[in-house]
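To start, the structure under review is shown below, and the notes come after it.
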Amino acid sequence: DAKFFRSEGKYDLTTKEGIASRRRNGNFLRSYGISLEDYQVMYDAQDGKCAICGCRQHYQRLSVDHDHKTGMVRGLLCVNCNRGLGRFFDSAVRLSAAAAYIQKAQATWAKVTNQPSTKEVKNESVGM
């Protein structure tokens, strides 16, 4: 998007990409109070990766994660992590309980079978 932004602070409206960038900038400003340039700074600071799982989204932009009560922008997330936070109502207590539940289930599975679950092995192999 930066290449469609002119140095004097205006979008190149002679191109479809420039028009789309200007529209996207307006959407960011209205929805989150940040500009497209603010998004780019956050994106670069996160090295283009999701702030939670560290994946890169090649097929679409990282989502702007924000606190729905205060409107404060927290970072950029992949679609799955952003939706996951929403499903847990942005509650650290619920997320901690879910993590404890998974850890307990994995420990129980390992005791029963004397080996890690196939999903546990698969997740470890991809760095999760």
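Key figures
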quantity: Unique match (being without any contact (Cβ under 8 Å) to a residue 12 or more places away in the chain and either under 10 Å from the mean Cα position of the chain (by Cα) or open to solvent by less than 100 Å² (accessible area, probe 1.4 Å) (or both)) among Gly26, Gly33; calculated: Gly26
quantity: Of the criteria (1) surrounded by 14 or more Cβ atoms within 10 Å (Cβ to Cβ); (2) modelled with pLDDT of 90 or more; (3) at negative phi; (4) not polar (S, T, N, Q), which one Cys53 fails; calculated: (1)
quantity: Residues of region 24-66 satisfying the condition of being of a type in the set (Val, Ile, Thr), assigned to a loop (DSSP other than H, G, I, E, B) and farther than 12 Å from Val79 by Cβ; calculated: Ile34
quantity: Given (1) at pLDDT below 85; (2) touching a Gly at 6+ places or on another chain (Cβ under 9 Å); (3) open to solvent by less than 50 Å² (accessible area, probe 1.4 Å), index of the condition Ser21 fails; calculated: (2)
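The values are calculated or read from the model by the stated rules, or taken from the named source; none is laboratory data. This structure is a prediction, so every number in the text was calculated from the model and none was measured. Because the Cβ atoms are built from the backbone with ideal geometry, glycine has one as well, and the counts that use them run over all protein chains shown. Just the protein is used for accessible areas: all its heavy atoms, side chains included, with ligands, DNA and RNA removed. Shrake-Rupley method; radii C 1.70, N 1.55, O 1.52, S 1.80 Å.
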